[in-house]
Structure formats: C-alpha cells, structure tokens
1. Within segment A:157-207, how many residues are under 22 Å from residue A:220 (Cβ atoms) and not acidic (Asp, Glu)?
2. Given the conditions (1) within 14 Å of chain B (Cβ to nearest Cβ); (2) of a type in the set (A, V, I, L, M, F, W, C); (3) closer than 17 Å to residue A:34 by Cα, and given that residue A:250 satisfies all but one, which numbered condition is not satisfied?
3. Name the strands (runs of 3 or more DSSP E) wholly within segment A:179-230 that hold at least 3 residues that are more than 18 Å from the chain's Cα centre (by Cα) and of a type outside the set (Val, Ile, Thr)?
4. Restrict the check to segment A:151-161 and report whether at least one residue is touching a strand residue (DSSP E or B) at 6+ places or on another chain (Cβ under 9 Å), over 16 Å from residue A:51 (Cβ atoms) and not hydroxyl-bearing (Ser, Thr, Tyr).
5. With (1) at pLDDT below 90; (2) touching a Phe, Trp or Tyr at 6+ places or on another chain (Cβ under 6 Å); (3) farther than 30 Å from residue A:241 by Cβ as the list, and residue B:70 as the residue in question, which single condition is left unmet?
6. I'd like to know if segment B:162-184 contains one or more residues that are in a loop (DSSP other than H, G, I, E, B) and either more than 18 Å from the chain's Cα centre (by Cα) or without any contact (Cβ under 8 Å) to a residue 24 or more places away in the chain (or both).
7. Go through segment A:81-97 and give me each residue that's in a loop (DSSP other than H, G, I, E, B) and in contact with a helix residue (DSSP H, G or I) (Cβ under 6 Å, 6 or more places away or on another chain).
8. In segment A:180-188, is there at least one residue being within 14 Å of another protein chain (Cβ to nearest Cβ), hydroxyl-bearing (Ser, Thr, Tyr) and out of contact with any strand residue (DSSP E or B) (no Cβ under 6 Å at 6 or more places or on another chain)?
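The values are calculated or read from the model by the stated rules, or taken from the named source; none is laboratory data. The shown structure was predicted, so the numbers you read here are calculated from the model rather than taken from an experiment. Cβ coordinates were reconstructed from backbone atoms using ideal geometry, including for glycine residues, and neighbour counts include every protein chain displayed.
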Amino acid sequence: MSDIITARDLSLWYGNSQALKNVNIRIPEKNITALIGPSGCGKSTFLKTLNRMNDLVNSVKITGTVQYRGEDIFSPSMDVNELRKNIGMVFQKPNPFPMSIYDNIAYGPRTHGITAKSDLDEIVETSLRGAAIWEEVKDRLKKNAMGLSGGQQQRLCIARALAVKPDVLLMDEPTSALDPISTSKVEELILQLREEYTIIIVTHNMQQAVRISDRTAFFLLGELIEYSSTNQLFSQPFDKRTEDYITGRFG
Amino acid sequence: MRSRFDEQLDNLFKDLIMMGSLCEEAIALAAKALSKNDSKLAAKVHPIDEEIDRMEKEIESNCLKLLLQQQPVARDLRQISAALKMITDMERIGDQAEDIAEIVSFIPKDKKNDSLLIEQMAKAAIKMVTDSVDAYVRRDPMLAQSVIDSDDTVDHYFDQVKSSLISLITENPDDGEYALDILMIAKYLERIGDHAVNIAEWVLFSITGIHKTTEEHSV
C-alpha cells in the first residue's frame, strides 16, 4: 500500500501562535485515517493544510513540506484548483447550496467545464448513489436541497464532493451535527467509500475513530504525539499522553 | 476527570481481592479439614463456595455495566476484560475446594491424613492463588510470571503424591478406596494450580496487552 500524502517537518503559524509543530506523517492510500485530539490541538488545521484551505487565512505562515502523490502542494507550479478537486472536503455542518439537489451535485462538474446534460445526469446519479442517498432523493432532484434532513444534507455534501471525482476526501467532524441514525448511515458510507477513496477524518468521537478508521493520529498542542494502526493506538498506546486522552483522563 | 469511572474500577479491584481471598479461605479450610480429617470443618467450605458463586455473578454484572456505560479502551478495557475471565477461574477454584471438602467428609474417621506431602501441595496451590490475585491488584508482571512458573512445583507434588499412593496400595490393598480419594484431592489441588496459572496469564494480558495463547490477542 503506497502513501498518498506525506508531511515532513510541517509547522504552521497563525500570526505569532504556532498551530502545528514539526508534523511528520505518511498517509496510506485507500485507508481511513482518523485525526483525534482535544480542541485546539491542530488536527483541523492539519486537515485544512492538506488542500491549502489555510491559504485563505492572511497571517498564516508554513514551513516544511506536504507532498500529494509525490508533488509538493506548496510549489508555485501547483494548481490549487486542481489540488482541491483531487482533495475534496466535507465540513462539520452540512452546507448544501440553496439550490436544487441536482444543481448542488452538478455545480462542481459545471465549473470544471462539463455542460452536456447527459454527462451531468450520469454524474449526479453516480455521485448520489456513491453517497448512498440516491434512493431517497431520486424522485425530487429538482427540489431545493435545504428541504432535506440534516443527515441527508450531509450525505448530499459528500455526494457533491464525489461529483468532481476526487482522490482524497477530507472530513472535518462530518457527523457531529447528526443524530445517531444519520451518524451510522454516514459511517457506513465512509466505510464503503474506503474502497475507492483515501479518507482523512477529524473526529471528537473516539468510538467513531475505533469503529471506522484504519489508522489514528493523536495531536496535542500542535504536535503529532502518536500515529499508528487504530487497533494498536486504542489497545496499547505507546505514549502516556495518548493513553490519558483516549481513556478520558486527560489533564 | 473520570473520577466516577476510577471509583468504579477501584470497586472492581476490591471485589476481585475479596473474591480471591474467599478462594484462599476455601482451599485453606478444605486442606485443614483434610489434614485433621474433620468433617465439621469440611462442612464450612460450602457456604464460602456459595459466596464465591454470588460474587462471580456480581462482578460479572458490574464488568458488563462498565463496558456499557464507560466504553473503556486501552488499559481500562484490558483490566475489565481480564477481570471477566479471571472470575471464571476463581469460581472453579471455589468449586474444587468444595469438591475436596466433600471427599473429606466421606473419609473414614480412623484415617490419618496428615501426610506432609499433600499439606505442602495445598500450601503451594494456595500461594499460587494468592499471588495471582496480588499480581492483578499490584499490576506486577514478575509476580504473575512467578505464579506461572510455580505450576511445575505443584505438578511435581502431584507426581510425588501419586507415587506414595501407589506404594500405599501395594502395602495395604484394603486402602485402595482411601488412596483413590486422596488421589482425587491431589488432582483437585493440581487443577487449582492450573486455574491460578490462567488467572496469572490474564494478569499479564491486562498489563502487557499480550496473552500467551496468541500474540495477536490485543483488544
């Protein structure tokens, strides 16, 4: 299994405050990698760095390298739009666009120049099927996406991310705003997506990390403390800080 | 943080110590009843065994409750799952102490059972049980390993008792039934040693995350 993303000595500052400290990590392809750690530990910052969402923050300064399929993502020759097409993102709160279900999915492909209706129809169906929501919405594709339930909206957002045929999916607490049934549907979906995509997920739900991820990375105060197979990390953590955190005895 | 969980774990350890000491008491009493050939003493083992059975159910239910409520991971999960396995062996130890006591109550009153060998064997078995529970509570892998190692001592006593009984039968064929009773008792003591070894193996698992049956036995 080859590594798809490799960070070396990655440090990041927001102004004077350092949010990531010399992070070294290799993320394998077609795996689910969970990022865990207390609030403010840097896990979301790390996630957003991977498709350069942090570019949007003015005062940000980055040292070290991140390679995606062997290419430096900070290199001037890197096409950021292409990078974000390949490395898609799903956020904590479902954020469908205020338009029809169909147009939500077609939005990305259209911006990438796909206009033929037959092509778009196919992408919409494949993406919605891929996100396990097709059966629920196929009869109301022209209805506004805002009318869907929270869980359906989140799966729609995953479908929207799939529509541009990404390689990697970044997920920032994708189920924290969902009820238990929607949560388990999204978890099932993530496990299915693992066949074709590399998934990196930030979660505050430790049991979720245990249930769905192959590897887990524990962050604390901007440092990557421990990174190993989920089974190993949750049964015999190497570092006492990891053990204290996962057993709920932190601090 | 998690002070309630820590308190519940503490209570679990206390219950295990209690159950372990009841096991010691049951074997010690059965062994004493044997060496004094005293059926009244032997009769006192039964209520202890009943208490051991009751504690097994109580600890089991508390462990299941902890798994459900606290969803433990890492060391917490290992300690609770080890406890669940250990109580099964402790319960068997209680049964075997009672089996010994029952045999004692049928041994004719004129027999002298103060054979040094079987007394020493009982002592060694009791020590194994005590040490295995201590090792769990103190999280002491060396002590757990010493329990596993001392199983050979108890097995060796068993062989010695067996040889001495063979001589007894050869010399006094009328003592055949009595010799078989003593052999049964020695076998029970040997089994108690095995259960103590099982406990010690789970203690090692709870500390290291590795059980000897498989290197992959991690949870």
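1. Summing the residues that are under 22 Å from residue A:220 (Cβ atoms) and not acidic (Asp, Glu) in segment A:157-207 gives 11.
2. So residue A:250 meets the others, but not (3).
3. Result: A:223-229.
4. yes
5. Just one mismatch for residue B:70, condition (3).
6. Checked segment B:162-184: at least one residue is in a loop (DSSP other than H, G, I, E, B) and either more than 18 Å from the chain's Cα centre (by Cα) or without any contact (Cβ under 8 Å) to a residue 24 or more places away in the chain (or both).
7. A:94, A:96, A:97
8. no
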